[in-house]
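Below you'll find the structure, written out as structure tokens, and then a few comments.
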Number of protein chains: 6
Amino acid sequence: MSRIDGRTPEQLRPVTIERGWSKHAEGSVLVSFGDTKVLCTASVTEGVPRWRKGTGEGWVTAEYSMLPRATNTRGDRESVRGRIGGRTHEISRLIGRSLRAVIDYKQLGENTIVLDCDVLQADGGTRTAAITGAYVALADAINWSRDNKLIRASRQPLTGTVSAVSVGIVDGTPLLDLRYEEDVRADTDMNVICTGDGRFVEVQGTAEAQPFDRTELNTLLDLAVAGCAELTTAQRTALDSVLER
Amino acid sequence: MSRIDGRTPEQLRPVTIERGWSKHAEGSVLVSFGDTKVLCTASVTEGVPRWRKGTGEGWVTAEYSMLPRATNTRGDRESVRGRIGGRTHEISRLIGRSLRAVIDYKQLGENTIVLDCDVLQADGGTRTAAITGAYVALADAINWSRDNKLIRASRQPLTGTVSAVSVGIVDGTPLLDLRYEEDVRADTDMNVICTGDGRFVEVQGTAEAQPFDRTELNTLLDLAVAGCAELTTAQRTALDSVLER
Amino acid sequence: MSRIDGRTPEQLRPVTIERGWSKHAEGSVLVSFGDTKVLCTASVTEGVPRWRKGTGEGWVTAEYSMLPRATNTRGDRESVRGRIGGRTHEISRLIGRSLRAVIDYKQLGENTIVLDCDVLQADGGTRTAAITGAYVALADAINWSRDNKLIRASRQPLTGTVSAVSVGIVDGTPLLDLRYEEDVRADTDMNVICTGDGRFVEVQGTAEAQPFDRTELNTLLDLAVAGCAELTTAQRTALDSVLER
Amino acid sequence: MSRIDGRTPEQLRPVTIERGWSKHAEGSVLVSFGDTKVLCTASVTEGVPRWRKGTGEGWVTAEYSMLPRATNTRGDRESVRGRIGGRTHEISRLIGRSLRAVIDYKQLGENTIVLDCDVLQADGGTRTAAITGAYVALADAINWSRDNKLIRASRQPLTGTVSAVSVGIVDGTPLLDLRYEEDVRADTDMNVICTGDGRFVEVQGTAEAQPFDRTELNTLLDLAVAGCAELTTAQRTALDSVLER
Amino acid sequence: MSRIDGRTPEQLRPVTIERGWSKHAEGSVLVSFGDTKVLCTASVTEGVPRWRKGTGEGWVTAEYSMLPRATNTRGDRESVRGRIGGRTHEISRLIGRSLRAVIDYKQLGENTIVLDCDVLQADGGTRTAAITGAYVALADAINWSRDNKLIRASRQPLTGTVSAVSVGIVDGTPLLDLRYEEDVRADTDMNVICTGDGRFVEVQGTAEAQPFDRTELNTLLDLAVAGCAELTTAQRTALDSVLER
Amino acid sequence: MSRIDGRTPEQLRPVTIERGWSKHAEGSVLVSFGDTKVLCTASVTEGVPRWRKGTGEGWVTAEYSMLPRATNTRGDRESVRGRIGGRTHEISRLIGRSLRAVIDYKQLGENTIVLDCDVLQADGGTRTAAITGAYVALADAINWSRDNKLIRASRQPLTGTVSAVSVGIVDGTPLLDLRYEEDVRADTDMNVICTGDGRFVEVQGTAEAQPFDRTELNTLLDLAVAGCAELTTAQRTALDSVLER
């Protein structure tokens, strides 16, 4: 079976990670997985939420949102509706949890980093692109904070790297990194978040039509682990280049 | 290692499924997994949401909530705060998705069934108890609807059964059906939703402290599949008894 | 005239008061007036609202709510609508006022007790059942607080007991403790809250169809005072039994 | 005991009822009970709320609100806080119920009348002034609707008149029509709404400090019934004058 | 061309400024521009918003609102809708900005003055009437604060006076102080806020139908400046009279 | 006086207008005025708001928003706060009004076009950049709608072009197109929206510190009209290029 864009089942879309996109944020990345484009900014502020004060530990959190016309038909703004939808809540929490998995709160000191992931254009995999891009923005913000003595710890607060990819079973074939047209036709849909050493931070598999069995689950995990490894390389390459501010 | 309540690692807490709890609802179950108690009611109404009208297909959805003092310290009511929190949204969506996985919308006709899962007392595993109990309430509501000719299809709208259980790694030991004290100490926490034939409807694994590897994932899935099989038996036993209305 | 459930006009429904229902709350009662069932929990916290700080006096407040399917047709959740309705506000305020009528704030010290009254099943008289049950939960919470030295006053902060009942005129006959079917047909509907010594804490009489005259008012008050006296006895019996925690 | 403004215990404050205050509304009254001033407007629209359509019956409802600086210290606007408080809800519902007690829905036809009661200046008794004034605005709006053939029934939709007054026990003395300074010091506070023939539409008595007994209740009711009779006369006098539009 | 009320194009409607309208507020004015009536109250409180603390400077802000039936057809209350509309926000901000233009924050000390402008009846020009009346209420509140030593500065915190008027082009003719019927027919609509010495605090001109050219703009500004001068005189006359409290 | 970026007082920042930015929207433009970058998308839907149905006329509206870290310090999301701020409301309304000034509703037919203007990076002049870019996105969306027969009128619905620019007086010097650092120091700040033939759609001038006189107003208008003429040329150049979809 050939995919709509000619990829093989185990092939990622073209991935770009553009650092230093914003002149204001301590870290900022425009990440694209094919036509999915997410602007990730990392904002550092001194202090932590009230329930964490006095612990000497920092905090990392995330907010995900879609521009109204990021999708094929325009969606109402959540600010206009006056409430945040369940999907937005769910993805924001997922991104925050994923990044906190590679943070040593003690080394961060009592500082907070907020990752804003705003989807400028959507074509499937927005949450996985957001996590992959947000990690790079977070790394830049931490480096900035250390350079500017906001973070004074001698040890790096990042304990590893994190990336994410979607996998799914479409017409019986397991596929990596689904586009929107593939995603809506998938029987099973899974998002996998891995550390750079190939362990799991989060695995979320959902049967959209048919329940899936253990063999299918294993095939999807194999695809995802390989995809995350490629994304880890792309993150490292991006971070190795010189960032001009 | 012995668990706080003396269970073995692969042992469920005592499970009770009390049908016909409410005199008003078409289906109602008070389910308990140990000290976790969730009241699940199924409400049937004619008609479907606007986006589904004219399709001849029905709809099943769920709303999860906790009473303010279901937990050890009182939480603010979401009605008082004027907004639903991310966790509530996330669990409501999970319950709805899980139940829809065993529904044949066509057989349901243009009817809607809402499952309300209200946690009266919480001690870990509220979402898995909710899914397990809600399935039974849903089955009762569907039977009621067929008896009362609201659903006229000759075929059963339920295409299978669904149950759910939590698993996690605590102090290096994989455990089934975590209590609250175990849950807060777990390195990895996973919720697994299975059909009665042992396939997966949803797998959600999260590294709370350390990322987990493939071997740990496999051990947790083994535990969960066995736990769901026991819960499936408990659901069948409950549904086989006579329901007095 | 015989009532739908065979009671005489001046007869209460069967009343049960089950203490220690929740393992978390400092006081908890599942109260039932016939098929009306309300879970009342009392939560004690140190400190008082901002406007009361530094006075040395405590505070008691209440929140009333109905589960969506407590009634015959499902009601939308107030958390989903994003706002609390007028009826809920009104009843929450009534319960709080009624309980505060028997509290000596000074003896309470700067502690707050919140009474959550959640209607699990409704069949008329939910607010009066809530007040009657909440009083018992409050008494237990105060005893717990004194045992645990959270409240250090030598004198009992409770200055009396409080119970409540509904009365109404249905087809010309004054009736005690209306069920839902009676309530909707009542010309006049009154809720009366009494102290244990038979005085009034609150009297709320409303003409639903015809205005009522002084004679009718007096007959209703007689019925209600007698009903509250019976409820006071039921509260005392419940509180005299041993509470196992 | 002499009252702060020199009144006898059974004396109302000066009452004025100014009709035709607004050039836009179908009925409008600026009512004052002493320094308490409430602007009551009645707005007539064709049609009824959805749940009442097709019944051939009309609807009357009310909304109460206070300007931010109607009171001695400024209160936040409920529009700014984004939610209506419990007290506002409670009073709006009371006003609506009181007026509906003298409405024959059938004669109204499928029309809706909304009474807006906005407190411009508060000095106790705002809800009773609102009811007393709103009745006159309602009568004017109904007359306007009959003159303009919006209401076509041959019979008057108003089945009676309604007025309201507060009573309370201050320092042991029962008083009629409390000012703010009296209200805050009252042991018992009661609002009584009567029809023009002296029957009760609503009786709401609350023990603010000490519970009250049957004798006190009777004394307060006597005071209130006499006060409402005076207010009924004032309403009639106002309505008998010629209204210039 | 003659105007609906017989005025010449450059003529204001009758303007009245009634000081001391409210017994509670530190400054209060009922201002009318013809049938447009706005109640403006000024409330003084010690302290400033958080972002201004410790600066030694005060703050002045405004909130504008319309009663539901101030207009020809009833509008929903913003408190009931749970949100403030764009028009309300815009006008509140305009009033606040206009008044702050004549305030010396240093002389005010760390005090806040809130101007509430509630439209009791609307007939065009509500925002300009509000500004013109609010200035007088503000002046009274400042005098009260100086008399009562809340403001201790030796110099007057008011650095000038401010008034406002609307102008517009209706059927090709530039008109001063539009009534509602003129406003809805205007091609161009402009609000001009001037200081007493004829300079501009704010100029907001909007093409409702046809874009306007520089000549039209100049004619409108001429009209507005002359109108504001008259309003300045009316304000001075009002403030020169003795205020009885 | 030289400006921070070396411009002369009457010089615009570099302006870029990138059409076809989004693959989903009927019109989309990434506009930049120096470091201010706004993504403008135009979404066409059949049908109009309820109050306009059956008129045969279309509707154009706009929503403005800022990404949380578009500015130097992160702002809370309005969706998280649950309400839209006054500034956002004000600017959204301004953009909508400005674009409607060049629309012939009849030629549009009963179609609605929503312009979403999301500020990705802010450095002063976001509302004027938004209007200038949104006009181009609107033109593209109208062309798309005519090509796709959604709009069937033979005449162009656009009756002209519209662009906008800010001007202000900084340290006594009138400047065109203020950057953020200039904007915060400006005594007077004005936004001017012009049609392509140099007439005014909207003029909004505000005295931030000192009131401004007629001479200053005239100088600012001269600057703005010249700036808008340059922007009109930039819009035409952009629209003359071939748009690849």
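The values are calculated or read from the model by the stated rules, or taken from the named source; none is laboratory data. If you're wondering where the values come from, they're calculated on a predicted model, not measured in any experiment. Here Cβ is always computed from backbone atoms with ideal geometry, including for glycine, and neighbour counts include all displayed protein chains.
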* Structure fact -> If we keep only residues of segment C:221-245 that are within 14 Å of chain D (Cβ to nearest Cβ) and touching a Ser or Thr at 6+ places or on another chain (Cβ under 7 Å), then the residue nearest to residue D:196 (Cα to Cα) is C:228
* Evaluate segment B:25-37: report whether one residue or more is touching a Lys or Arg at 6+ places or on another chain (Cβ under 6 Å), at negative phi and not in a loop (DSSP other than H, G, I, E, B). => yes
* Name, by its number, the condition in (1) in contact with a Cys (Cβ under 8 Å, 6 or more places away or on another chain); (2) within 10 Å of another protein chain (Cβ to nearest Cβ) that does not hold for residue B:73. => (1)
* Structure fact -> Restricting attention to segment D:4-31, the residues that are crowded, with 17+ Cβ neighbours inside 10 Å and touching a helix residue (DSSP H, G or I) at 6+ places or on another chain (Cβ under 7 Å) number exactly 9
* Structure fact -> Given (1) more than 22 Å from residue E:69 (Cα to Cα); (2) in contact with a strand residue (DSSP E or B) (Cβ under 9 Å, 6 or more places away or on another chain), residue D:120 misses just (1)
* Select, from F:114, F:119, F:136, F:102, the only residue that is closer than 16 Å to residue F:195 by Cα, surrounded by fewer than 24 Cβ atoms within 10 Å (Cβ to Cβ) and touching a residue at least 60 places away in the same chain (Cβ under 8 Å). => F:102
* Asked: Do we have any residue at all in segment F:27-34 that's within 18 Å of residue A:66 (Cβ to Cβ) and within 14 Å of another protein chain (Cβ to nearest Cβ)?
  -> yes
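So that you can scan it fast, the table gives a plain yes or no per residue for (1) touching a Phe, Trp or Tyr at 6+ places or on another chain (Cβ under 6 Å); (2) without any contact (Cβ under 8 Å) to a residue 40 or more places away in the chain; (3) of a type outside the set (A, V, I, L, M, F, W, C):
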{"position": "B:27", "(1), (2), (3)": "no, no, yes"}
{"position": "B:40", "(1), (2), (3)": "no, no, no"}
{"position": "B:48", "(1), (2), (3)": "yes, no, no"}
{"position": "B:53", "(1), (2), (3)": "no, no, yes"}
{"position": "B:57", "(1), (2), (3)": "yes, no, yes"}
{"position": "B:64", "(1), (2), (3)": "no, no, yes"}
{"position": "B:75", "(1), (2), (3)": "no, yes, yes"}
{"position": "B:79", "(1), (2), (3)": "no, yes, yes"}
{"position": "B:85", "(1), (2), (3)": "no, yes, yes"}
* To do: Select from segment D:46-74 the residues that are over 19 Å from residue E:73 (Cβ atoms) and either within 22 Å of the chain's Cα centre (by Cα) or outside any loop (DSSP other than H, G, I, E, B) (or both) and list them in ascending order.
  => D:50, D:51, D:52, D:64, D:66, D:67, D:68, D:69, D:70, D:71, D:72
* Structure fact -> Scanning segment E:152-175 for residues that are buried (at least 24 other Cβ atoms within 10 Å of the Cβ) and touching a residue at least 60 places away in the same chain (Cβ under 8 Å), the one farthest from residue E:101 (Cα to Cα) turns out to be E:175
* To do: Look at residue F:43 and say whether it is over 14 Å from the mean Cα position of the chain (by Cα), surrounded by 21 or more Cβ atoms within 10 Å (Cβ to Cβ), assigned to a strand (DSSP E or B) and at pLDDT 95 or above.
  => yes
* Determine if segment D:89-98 includes at least one residue that is touching a Gly at 6+ places or on another chain (Cβ under 8 Å), hydrophobic (A, V, I, L, M, F, W, C), at pLDDT 95 or above and not in a loop (DSSP other than H, G, I, E, B). => no
* Structure fact -> In segment B:8-24, residues that are away from chain C (no Cβ under 12 Å), without any contact (Cβ under 8 Å) to a residue 60 or more places away in the chain, in contact with a strand residue (DSSP E or B) (Cβ under 8 Å, 6 or more places away or on another chain) and assigned to a loop (DSSP other than H, G, I, E, B) total 1
* Check residue C:41 against each of (1) of a type in the set (Ser, Thr, Tyr); (2) touching a Pro at 6+ places or on another chain (Cβ under 8 Å); (3) within 14 Å of chain D (Cβ to nearest Cβ) and name the one condition it does not meet. => (3)
* To do: Restrict the check to segment D:165-172 and report whether at least one residue is of a type in the set (A, V, I, L, M), at pLDDT 95 or above, under 14 Å from the mean Cα position of the chain (by Cα) and under 18 Å from residue C:203 (Cα atoms).
  => yes
* Would a scan of segment B:154-172 turn up a residue that is on the phi > 0 side of the Ramachandran plot and in contact with a Lys or Arg (Cβ under 8 Å, 6 or more places away or on another chain)? -> yes
* Only one residue in B:60, B:102, B:80 is within 21 Å of residue B:141 (Cβ to Cβ), among the β-branched types (Val, Ile, Thr) and away from chain A (no Cβ under 14 Å), so which one is that? -> B:60
* Asked: Which residues, taken from segment D:191-220, are among the aliphatic types (A, V, I, L, M) and over 19 Å from residue D:124 (Cβ atoms)?
  -> D:201, D:217
* Asked: Going by the conditions given, is residue B:213 within 23 Å of residue A:225 (Cβ to Cβ) and of a type outside the set (A, V, I, L, M)?
  -> yes
* Structure fact -> Condition set of a type in the set (D, E, K, R) and surrounded by fewer than 17 Cβ atoms within 10 Å (Cβ to Cβ), scope segment B:213-229, selection nearest to the chain's Cα centre (by Cα): answer is B:222
* Kindly provide the set of residues from segment D:190-207 that are more than 7 Å from chain C (Cβ to nearest Cβ), more than 12 Å from the chain's Cα centre (by Cα) and more than 17 Å from residue C:220 (Cβ to Cβ), ordered by number. => D:196, D:197, D:198
